[in-house]
Amino acid sequence: MLVRAILLLSLTAGAVFARSDQTPLHDKSKTRPPSIVFILLDDLDYQLKSLDYLPFVQKHLVERGTLYRKHFCTTALCCPSRVSLWTGKAAHNTNVTDVNPPYGGYPKFLSQGLNENYLPVWLQNAGYNTYYTGKLFNAHTVENYNTPHAAGFTGSDFLLDPFTYQYLNSSYQRNKDPPVSHEGEYSVDVLAEKAYGFLEDAVEADKPFFLAIAPVAPHSNVEITNLEGSVEDFVANFTPPIPAARHAHLFKDVKVPRTENFNPEKPSGVNWIRTLERQSQENVDANDHFYRNRLRSIQSADEIVDGIISRLEKHGILDDTYVIFSSDNGYHIGQHRLQPGKECSFEEDINIPLIIRGPGVPEGETTDIVTTHTDLAPTILQLAGAPLRADFDGEAIPLTKSGISSAAKTRHEHVNVEYWGFALGEGEFDQSRFHYNNTYKALRVISEHYNFHYSVWCTNEHELYDLKTDPSQLRNLLHEGEAAPETLLGFPLSKVVARLDSLLFVLKSCKGQTCTRPWLALHPAGNVANLHDALSPRFDNFYETEQRRIEYSRCEAGYIVDAEGPQFERDGFVYRHGTQWHEWV
Ligand SMILES: *[C@@H]1O[C@H](CO)[C@@H](O)[C@H](O)[C@H]1NC(C)=O
Ligand SMILES: *[C@@H]1O[C@H](CO)[C@@H](O)[C@H](O)[C@H]1NC(C)=O
Ligand SMILES: *[C@@H]1O[C@H](CO)[C@@H](O)[C@H](O)[C@H]1NC(C)=O
């Protein structure tokens, strides 16, 4: 493990170069770096099995590329997740934590200085032409789109609020032109033509290119009513996504998968989730309809995958192009009695599709190495042959067979998940719609030997799920009255919890390399690289008595540090373990 610590990134004039144990992805002697197409759906799940209903995604991407089954977003909400995706930084480092001001949205992205500091700008600096069509961020509107324009694009055609989620009345805004309304046209089909147009431009320009395609599907259809007010005052009416007419007849008998956690007999989770009532048959039927319309709405996005692949092939550049397919966050419908929506840290909301095909990427493979959205900007910059940035909170995802198999042994095993504010029920049956105090820190730790979800809420409620024995996350081992096992991994429960809490304690305010190597912050000697190492009884005192615990003093709707208890690197506390060498016993 010490060896890995030394192998870590070397800093040169603000830039970090790829770790030496990664196979170089493209041949540096070739004159041109590869082109990249990124297809980003909105609210597409992995756990509800939507991928099974996408024949072109299966044929062109799953069968010809690698499916990263343990890929996660780090904040289960569109705007924060997209900002993390395009900056390579966790939401606590962008402080774009919501969809609207004051805590989020396009205005917050601007005021945080990120418009000069995100992937398209870096790619242009690396010699790329960059194109984007579809939804960039929330609160990017027909009013504010040009104050200023989103930076870094050779060509752009953005979906704009308040029409972003109106499948049949979208507004798109091209380059420096004013917005154009597409009343009566199907938004995803409008977008398809724009995407193909940019692809032609890109091929004609004869330079390496990055093309992002971000359709609205399968997000709920949302009509905003009081357009007179400011963004914060908009009243939104959520209904199931609307499919293209040619897909409306599909999947008549399909229902939400009836997993163990689907509308369960007993309540689960904590806080407002635990108060939810079991859904009536009428409610379940409506949610099945909601699910079917999601599947129908993504058919037009599936056709875009086919349209792009066939055009890349026609131009003879398919084999030199990386195609990345993902979503901003996941989705739940009925699990834990939840109404359609996201914003929770259950697996349905955070575990999302990631499929990559391209030169050197294994075909028809799946992998369980842990990857997150903060890893994608570094991955793309590395493909572009550009220097990585010291302030990235993620690290490049291995794309080759050897890179993936070595990562299976050495890559980190954690995901840091964070959320601030409220959760929103998007179904017609949600009684209260806004669920406030949905502020929490959560942690996933996944290896061959264990699979945990640990969280601390702003109400100071705690959750621990052992997904090895409880993949549906129905038994919160920290809930009073839950019949918890006395030991986990052969250790008393409290010893495991102490380690998880300390890990999350570091991660909740981590910056840069500490976000991928958090154990190194706790054990500077480099002798602890994972939960297994940390469980050594030698560290009992360190974890059980010397460490501070995560606690909130109150619930806030944004990242107000003062409400979030002790901080790892503040207040004069030292939480690091002594530098003496400790061996596993
Ligand atoms: C569609 O959007 C335009 C503004 O872009 C608006 O004037 C019009 O009323 C909308 N139509 C419908 C049917 O909502
Ligand atoms: C949210 O939490 C605060 C304490 O931080 C509490 O005062 C308030 O009542 C809670 N609100 C709801 C809607 O539960
Ligand atoms: C995040 O932004 C909010 C709103 O502007 C601000 O109040 C808060 O202090 C910021 N948090 C940090 C850690 O900068």
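For this structure, a couple of remarks:
- Packing-based ranking, highest mean first, of 342-353, 451-462 given that Cβ atoms within 10 Å are counted: 342-353, 451-462
- Cβ-based exposure ranking for LYS255, LYS135, in which fewest neighbours within 10 Å come first: LYS255, LYS135
- Taking label positions 7 Å along the Cα-Cβ direction at both ASP306 and GLU265, the computed distance is 4.5 nm, reported to one decimal.
- Ranked packing of 399-408, 189-198, most packed first, by mean Cβ within 10 Å: 189-198, 399-408
- Burial ranking of peptide ranges 49-55, 247-253, 472-478 (average Cβ count within 10 Å, highest at the top): 472-478, 49-55, 247-253
- Calculated SAXS-style log₁₀ I(q)/I(0) at q = 0.20 Å⁻¹ - the range 414-584, Debye, Cα scatterers: -1.46
- Additional length obtainable on full extension of the chain from THR366 to THR239, 0.36 nm per residue less Cα span: 42.3 nm
- Placing a pseudo-label 7 Å from each Cα along the Cα-to-Cβ vector at SER111 and LYS468 gives an inter-label distance of 4.7 nm.
- For the range 418-569, averaging the sequence separation of C-alpha pairs within contact (under 8 Å, six or more residues apart) and dividing by the residue count gives a relative contact order of 21 percent.
- Given their separation in residues at 0.36 nm each and the Cα-Cα distance between them, THR459 and VAL561 gain 35.2 nm when the chain is fully extended.
- Sorted by Cβ neighbour density within 10 Å, fewest at the top, the residues ILE560, ILE298, ILE36: ILE560, ILE36, ILE298
- Taking TRP272, TRP86 and counting other C-beta atoms within 10 Å, the order from fewest to most: TRP272, TRP86
- Theoretical gain in end-to-end length, TYR436 to THR225 [0.36 nm per residue, Cα-Cα removed]: 73.7 nm
- Over the chain: helical MRE at 222 nm, DSSP H runs n ≥ 4 each giving -39500 (n - 2.57), nearest 500: -7000 deg cm²/dmol
- Isotropic mean projected area of the C-alpha convex hull, the chain (nm²): 25.3 nm²
- Counting DSSP beta bridges with both ends in the chain, the antiparallel % (nearest 5): 60 percent
- Once C-alpha pairs closer than 8 Å and six or more residues apart are averaged by separation and normalised to the residue number of the chain, the relative contact order reads 19 percent.
Throughout, read-outs are computed from the coordinates displayed, never taken from laboratory work. Keep in mind the model is a prediction, meaning the values are calculated, not measured. A quick note on method: Cβ atoms are made from the backbone with ideal geometry, for glycine too, and the neighbour counts reach across all protein chains shown.
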